[in-house]
Amino acid sequence: MTRALPRACSYPACPEVQPCPVHARKAWATTTTSRHKRGYDWQWTKARNRYAKAHPWCEWPGCAQAMVDVDHIVPLAAGGARLDTNNMQSLCTQHHKEKTKRDAMLYRHVQ
């Protein structure tokens, strides 16, 4: 049976192979910790519910779906404000998944 070749680290110009000891995935990219340890406590729930009530539709340009999730525009791991309504947006499931995927790629090297 043939073995796959080791993959290079996805960080630009890094000479290591995966899993890279320097650029391994950050803890925010997984959900192995509880929501409370990640900052989603009663204060977040209260702020989220207040925002959702005021913004019941997906705020993605051109979308007319009902909101499902309140998302941080700038992720917490990238320094986004946790309870600031200027850093919140209501999104439908499809657009929340798209934004989360984009954020994971964009902010994966943030430490």
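Where a number appears in this text, it was derived from the coordinates with a stated rule and is not lab data. Predicted, not measured: the structure shown is a model, and the values here were computed from it. With ideal geometry, Cβ positions are generated from the backbone for all residues, glycine too; neighbour counts draw on all protein chains shown.
What to note about this one:
- Residue of Ala78, Ala54, Ala13 that the Gaussian network model of the chain assigns the largest fluctuation, springs spanning Cα pairs under 10 Å: Ala13
- Between segment 1-17 and segment 34-62, the alpha-carbon centres lie 38 Å apart.
- With Cα atoms, 0 to 90° folded angle of helix 93-106 axis to the chain main axis: 40
- By the count of neighbouring beta-carbon atoms within 10 Å, fewest first, Thr33, Thr2, Thr100 end up ordered Thr2, Thr33, Thr100.
- On Cα atoms only, tilt of 42-54 relative to the major axis of the chain in degrees: 60
- Along the chain, counting only trypsin sites (Lys or Arg not before Pro) with a DSSP assignment other than H, G, I, E or B and at most 13 other Cβ atoms inside a 10 Å radius, the longest segment between sites is 38-111.
- Diffusion constant of segment 40-106 at 25 °C, which comes from Stokes-Einstein with the Kirkwood Cα-pair radius and 0.890 mPa s, µm²/s: 203
- What you get for the chain, charging only the Cβ of Lys and Arg (+1) and of Asp and Glu (-1), is a dipole of about 300 debye around the Cα centre.
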